[in-house]
Structure formats: structure tokens, C-alpha cells
Amino acid sequence: MSEIIKMLPAVALRGTTILPEMIVHFDISREKSIQAVETAMLNDQKLFLVTQRNPMLEEPGFDDVYGYGTVAEVKQVVKMPKGIVRVMVEGLNIAKLISFEPREDFLEAEVISYEGEQPEPELPAADTEAMVRTLKDLFAAFSRQGQKISRDLSAQIGELKDLKTLETQIANNLPVNWEQKQTILEARDVQSRYEVLTLLMANEIEVNRIRQDLQQLIQERIDKNQKDYILREQMKIIREELGEDNIQSDIDKFKKQTEELQAADEVKEKLRDEIRRFQNVIGNPSESGVVRGYIETLLGLPWDHMSVDNEDMKNARKVLEEDHYGLEKVKERILEYLAVRTLTKKGDAPILCLVGPPGTGKTSIARSVARALNKKYVRICLGGVRDEAEIRGHRRTYVGAMPGRIIQGLHQAGVKNPLMLLDEIDKVSSDHKGDTSSALLEVLDPEQNNKFADHYVDMPVDLSEVLFIATANDINTIPGPLRDRMELIEITSYTENEKLHIAKEHLVPKQMKANGISKKQLSISDKVIEQIISGYTREAGVRSLERKFGEICRKCALRIQENGDQKVSVTVRNLEEFLGRARYKVNKANDKPEIGIVRGLAWTSVGGDTLEIEVNLMPGKGEFQLTGQLGDVMKESARTGISYIRSVADQYDIPEKYFQEHDIHIHIPEGAVPKDGPSAGITMATAMLSAITGVSVRSDVAMTGEITLRGRVLAIGGLKEKLLAAKKAGITTVLVPVQNKPDVLEMDHEITDGLEIFYMETMKQVLEKAFVTEK
């Protein structure tokens, strides 16, 4: 091989490398490149082609091109539109760039041209054969990967046996980029070129393999998506034919509601599992109905959704005063709760139990509390509930399973902090299906109800934000553990004055509105209201009273429509036209003191009443009779009283054989009305001693209290109602146990005004006040 230094016109190629023995055409547009080609054509058609390192350069210098290029012979020049010249060349040999001559019109390069055969080191025949086979195998593998190599070319190269020729043909036909071809160009000897070619082909084969794997994976995914789409469309058509076309939309709706739900992550995960299960049981109507109901229940619960309470104390007091007259203890306790909650920003919600007779406003005050606090109101009636599942819910394995009433109440409220009224909590019962009151223990325990377990929901539900208010008529029927969890607030009977205010401010306007009567069309005086209260109703509350006003309003509406009356006035004189004759008469006090007749005080479910206890003595054999439908406790009180009298007989000059020779008969009138309780003990003892001794009992005195064998007077209940009954009957003096003095001191003056109340410790004090003393 000879090394010849030449001066040749040069073209700097952009993104192209030309190897010896290659016939190729390329386009040029730079003026210097075009001038270099024309200069070559005017001389011996020889041109030096070298590749730019950076294809973006417009004026490359010596350092901007590679050190080796190719001397080529120009075969054809074609001028193209827009100043482009297409040149066809044939690569002749490698040349090394020495320098560029400084010329303005074109690049002229001084190069060392390597012409002729290059002497190669002698390789063992086995090495040469191994190299030939390796190159052929790699090129064949490269061709099989679907590269742009024709079968004819692949077969032609496979027939070559000369290593140098094989390398040249592979290098010229290998579809690699210009940088890799530049690497081949600079590998001048056989060994170096072999290493470059094998490395390039092995690398390309591996890259192509990875690319094909990726393409196959992508294709599989595309195929799967297309398959899924086709299957979904088919399922959609099938569902439309079966009438189940709305199930998929329900599933999408459930998924959307799950993501929007304000709940903990475990709740959402449970919902997602149930939605997936719902998708799998679409073909089973019974199972899908159960799962659908469960999903809708979970989505409907207010897991973390709360309403904003109204913490304005003045507004709360105003609302409570507007809706109810009296009930000061209840209002005060609610305002205390609100004050504590405002200061602590949370505080434990109290569990209040309003205890009182029917019709005293227990249920309605709970509704007012909800309005005052801006809470959602939910009423749960527990009267007659016998099944524990009513509280805890049914397990979902049962047909027709439902959540318990507590969960249903939360679902109805839509928030986790409503006011929940547990109405008639004293009337729950138990049977073989479970104890309802025991199930309520968890609900009403602030330490446990933050994770209330409902069998249907099967997830802990937080009830700690719920304000529970329970109502009851009789706390004695509430089990001890349940009663211990509640704060009892007693709502006693209304006084006549309270009933008058309630009627004027609430009942009459409510009934007039309900019956379409305006204020101008009906007038009811205070005297009429008082007459209705005393003569037409006998109750602790105001329910019957409201019904009477409703009756008056209906008759008023009839007169306005039939007779054309512009205004109807109800007076004491014409009251009977509206309500008929009075049903009740007050048992007034006797006009004069009598022997063996004493006025006692009793508590009933409709308020207080006075009982006239009569005792008669007859000659006999010492029999003791009790009539008037008396209960066992009352009978025992009577026997206790006669035992006390016999023990003090000598103090009242009673003969020793008197009780063996006389029969004693105690009767309490209104024999059809059951009577019971120990509070008539001192009354019966006083009546018996009066009959035995012949001493009259004051007619203006009434009494109440339990008696013991030793003559002590013990405390009783229902004192407010009893004092009201005494006042209504015209009694002026009332004897009560000394232990009840705190109860009297707490009462309003409206109740005690006009009454002279004496506190008794022993029967001796009772007799001193009750018997008429001789002057």
C-alpha cells in the first residue's frame, strides 16, 4: 500500500459517512460544497469526503470534522430545484486529513491517501475461518430480525469466503448510523474491523431483540384492550336483552360515590370489595339484591359528615322559651351542655332522660332542643320493641336483613351528630330473641358508643357525636344498668296556671291554625280556659286539653260555614254548647269537721287527687275490712296503722278488749279506681283513731305520708301533684313528712301560696294538727 499526499477539493458531509467501494448519492446545498464538486469534475473527478462531527455547523473547520475520510470519484452530478445538487460517488480508498487550505470559494484538503492493498499480518487459517463464520452468523441473525436487507444480498454475503471482502461487503450494507460507520471507516486493519463489526452487529441484534419484545408486549396489551372492548360491548348487548342494562351504570355510580364519600380508608376499601362482589353476582338476582342493599346502606351513612351546631346561647334560650312554658330544669340543663361544649369545643354529649306523665311535653322539648342547636332531629320510638335486632340490626345471612333503628336513624339524619330521641324507653321489653334494654347499654355508654357494632353494617360506627335524649313515664320499669347511664330530669305535672299559659300561647293558636280559623273569627276568654282545665280534663299534661280546643275550633268552623257567623265567642255560659256538660268535679273540702273521715292526698298518672278515707266501727269479733279496690301495699299500710293504734291505745283511753269486740271497716270511695302505695298510711291511721276515740278531724286539713309500726312518718313521692290537688279542693292546711321539706322549698310560690304546710316526724304530731281540739 502506498501513502500519497494529495490536495483535493473536499466536501464536509452532514449525517453521512461514505466507505470505500460504496456507490452512493447525496445532496448538497452549501455553495462551497457545490464549488468543490465542480472543481473535481473539471480535474480528475476525485473528491475528498469527510464527515462533520456536528451536523448543524454551516462553516466547519479542521477541528469540526473527523480525522479520516474517503477519497471518492464523482460519477454523476444532477442539479435539483431550490439550489440543491445531487451527487453520485464511488468510494475509492481511505484518506487521512492533514489540513484545510485557506480558500474562500471551496474547501481544499491536504490528505494522505492510502491507495492499493494494505499489508495485513498473517492470521492462522483457523482464526480466519472462525472470524468468517462469526461474521456470517451475526449477519444472518441480523438479517433474520427483519432488517432492510434483501434475501439475495444475505445469500450473496453468505457465499463469500475471503475475510477482507466479507468485512467490506458487510460494512457497506450494514444499516447503521453515520457515527457507527465512521467507527468502521477508522478501523483500517482486518482485526480491528472484525472487532468493530462483530460488536456493532451483536449490539444491534440485542437492541432489536429487546425492541421486538417491547413491540410484542405492546401489541398484546392492544389486543387485550380490543378484546375487552369487544367483550364489554357484547355484555352490554346481552344485558340490554335481559333488561339489566342499568346495572353497569349503578356500579359506576357506586364507585363514584365511594370516592366522594367522607369516610375512613377502611370503609372505602370495604365498599370497593363489595362493589367487586356485586359485579360478580349480577347473574344471581337474590344475592345481588342483598349486596346492593348493603352497598347503599354503607354509602348512605354519614361516616365523617357533620352539621355545624349553633353555639349562640341567646338564640338557644330564645327558642326554648318560645316553644315551651315552664320546664325550667330541662332548659337549664340543655343550656349548660351548650355552654360546656362551646368552651371545650367538643365535650361529652350528655344522655338525658326526661321522666314525667304523658302529655307534659317530653317529646316536643326534644324537637325544640334540636331546633335551638341547629341539629338534625331523629325520633326512634322504642315502645313495644322486643327484639334485640331492632337495636343492633340483623346479620346479613338472614333473608330480609336490615340495620338496626339506630343506624336507620343516622341514615335518615344524614349527619353523624344529630339529636336522637329515644321515645318511651321505659316500655322496651325482652323475650327469647334477646334483651332490648341490654342492647341499649352500648348505645348509651359514652365510653363504648364511639365504636358501636351493628350486626348488619359489620363495621364500627361512631355514635359519640350523637346527642341522645330519652323519654319515659315510669323509671321503675327501666333496668338499673340502663338507668345508671342516663341523667334523669323529672318533668312534673303542670299547674293550672301553667296550663292556662300553655293554652293561650301554644294550644289555642295551634288548633286555630289547624282548623283554618283566624284570630278575628274566634275568641276564648281566660275564664273559659280555666273552666275547661278544671271541668273537662283531668291530666298531668295538656294532651286532652288540646283536643278540647280542637273540638271548639271545629264547631266554630261549622258555625262560620253554615250560619255565616263572622265571629264566635266562647264564654262560661255557652261553653256547654261546644263541649257538653263538665265531666269532672273537684272534691271540695268538707264544710265541717267529722269523725272517722280524713282527706288524704294521692298521686295518679294524670296528676294529683284527694281521697276521702272513711272508717266505720261496728260491734263484732275484731274483723278488719278494707274496700275500695286497694293494692297490697295500701292494705299493709292500713294494718301497720291499726297495729300502731293498738300499741298506743292506753294513751287515748281505749279499753283493752275494744279491738276484740269491734269490727273496723276502711273504705276509700271511687271503688272502681285501683289505688295503691304507702303514702296514705298516716291518713288511714288518723281516720281509724278518730273513729275509735270519737274525736273529729279538721275538714281543712289534708295529709300524706308513710307510717311505721312505731309511728314514724316517712317520705313520699309526687308531692307537687298532691299539693296542687289539695289547693284545688280548697284545703288550707297540709301535713307532709319532714323528709320532703327540700322538695317543698324547690317548688314555685304559685304552688305553695295559700297553703299552710307543716312538716311531720311522728304520728303524734299528725294527730295534734289534725284532731279538733276542745276549747
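Using the heavy atoms of the protein chains alone and a 1.4 angstrom probe, what is the accessible area of the range 66-216 per residue in square angstrom?
On the way: 8320 Å² over 151 residues.
About 55 Å² of surface per residue is accessible.
For the range 507-626, count all C-alpha to C-alpha pairs, find those more than 26 Å apart, and express that count as a whole percent of the total.
42
Among Ser192, Pro358, Ala680, whose Cα sits farthest toward the positive end of the charge dipole of the chain (+1 at Cβ of Lys/Arg, -1 at Cβ of Asp/Glu, about the Cα centre)?
Going by the charge dipole, the pick is Ala680.
Can you order the peptides 5-12, 58-65 by their average number of other Cβ atoms within 10 Å per residue, highest first?
5-12, 58-65
Could you tell me how far the Cα centroid of the range 721-754 sits from the Cα centroid of the range 542-595, in Å?
If we compute the Cα centre of each part, the gap is 28 Å.
Setting aside same-chain residues fewer than 8 positions from Lys6, which lysines have a Cα under 27 Å from its Cα?
The qualifying lysines are Lys32, Lys46, Lys75, Lys96, Lys164, Lys181.
Quick one: check the C-alpha center-to-center distance for the range 286-348 versus the range 661-688, whole angstrom.
So the separation of the two Cα centres works out to 50 Å.
On the protein heavy atoms, probe 1.4 angstrom, tell me the percent of accessible surface of the chain carried by carbon and sulfur.
49
Where Rh is the Kirkwood radius over the Cα pairs of the range 612-741, the temperature 37 °C and the viscosity 0.692 mPa s, what D in µm²/s does Stokes-Einstein return?
215
Decide, for the range 352-464, between rounded, prolate and oblate: order the square roots of the alpha carbon gyration tensor eigenvalues as a ≥ b ≥ c, take rounded if a/c falls under 1.5, and otherwise choose prolate if a/b is larger than b/c, else oblate.
Because a/c hits 1.5 or more and a/b fails to exceed b/c, the range 352-464 counts as oblate.
Quick one, which of (1) 170, 68, 56; (2) 78, 75, 54; (3) 80, 79, 59 is the actual Cα extents along the principal axes in Å calculated for this model?
Label (1) holds the value from this structure.
What aspartates and glutamates sit close enough to Lys314 to cross-link, taking a C-alpha to C-alpha distance under 14 Å and skipping anything fewer than 8 places away on the same chain?
Lys314 reaches Glu322, Glu332, Glu336.
Measuring from centroid to centroid over Cα atoms, what is the spacing of the range 375-420 and the range 434-511 in Å?
Distance between centres, Cα-based: 15 Å.
Based on alpha-carbon positions alone, could you give the equivalent ellipsoid semi-axes of the range 699-775 from the gyration tensor, as √(5λ), descending, whole Å? Walk me through the numbers on the way to the answer.
Working: eigenvalues 79, 55, 18 Å².
So the three semi-axes of the range 699-775 are 20, 17, 9 Å.
Find out how many positive minus negative residues lie around Glu21, taking Lys and Arg as positive, Asp and Glu as negative, among other residues whose Cβ is under 12 Å from that of Glu21.
Result for the neighbourhood of Glu21: -2.
With an 8 Å cut-off on Cα pairs and a minimum separation of 6 or more residues, tell me the relative contact order of the range 124-214 in percent.
It rounds to 36 percent for the range 124-214.
Using the heavy atoms of the protein chains and a 1.4 angstrom probe, tell me the accessible area per residue for the range 597-666 in square angstrom.
Solvent-accessible surface per residue comes out at 54 Å².
What net charge is computed for the residues neighbouring Ala453, neighbours being all others with C-beta under 11 Å from the C-beta of Ala453, Lys and Arg scored +1, Asp and Glu -1? Mind dumping the intermediate values first?
Details: positive: Arg392, Lys451; negative: Glu442, Asp454, Asp458.
It works out to a net charge of -1.
Projected onto the charge dipole of the chain (+1 at Lys/Arg Cβ, -1 at Asp/Glu Cβ, origin at the Cα centre), which of Gln511, Val744, Cys556 gives the Cα projection farthest towards the positive end?
Sorting the options by dipole projection puts first Cys556.
Among all the aspartates and glutamates, which ones have a C-alpha under 15 Å from Lys375's C-alpha, if same-chain residues fewer than 8 places away are not counted?
Reachable aspartates and glutamates: Asp309, Glu311, Asp312, Glu465.
What is the ratio of the Cα radius of gyration of the range 411-477 to 2.2 N^0.38 Å, where N is its residue count, to two decimals? Don't jump to the answer; show the numbers that get you there.
Numbers: Rg = 12.9 Å, N = 67, 2.2 N^0.38 = 10.9 Å.
Normalised by 2.2 N^0.38 Å, the Cα Rg of the range 411-477 equals 1.18.
What does the charge dipole of the chain about its Cα centre add up to, to the nearest 20 debye, if the Cβ of each Lys and Arg holds +1 and the Cβ of each Asp and Glu holds -1?
Once rounded to the nearest 20, the dipole reads 4080 debye.
On average, how much accessible surface per residue is there in the range 355-504, in Å², for a 1.4 Å probe, leaving out ligands, DNA and RNA?
Accessible area per residue: 40 Å².
Rounded to the nearest 500, what is the chain's calculated 222 nm mean residue ellipticity when only DSSP H runs of at least 4 contribute -39500 (n - 2.57) each, over all residues?
Counting only the DSSP helices, I get -13500 deg cm²/dmol.
The values are calculated or read from the model by the stated rules, or taken from the named source; none is laboratory data. Since the model is a prediction, treat every value here as computed from it, not as a measurement. Cβ: placed from backbone, ideal geometry, glycine included. Neighbour counts: every protein chain shown. Just the protein is used for accessible areas: all its heavy atoms, side chains included, with ligands, DNA and RNA removed. Shrake-Rupley method; radii C 1.70, N 1.55, O 1.52, S 1.80 Å.
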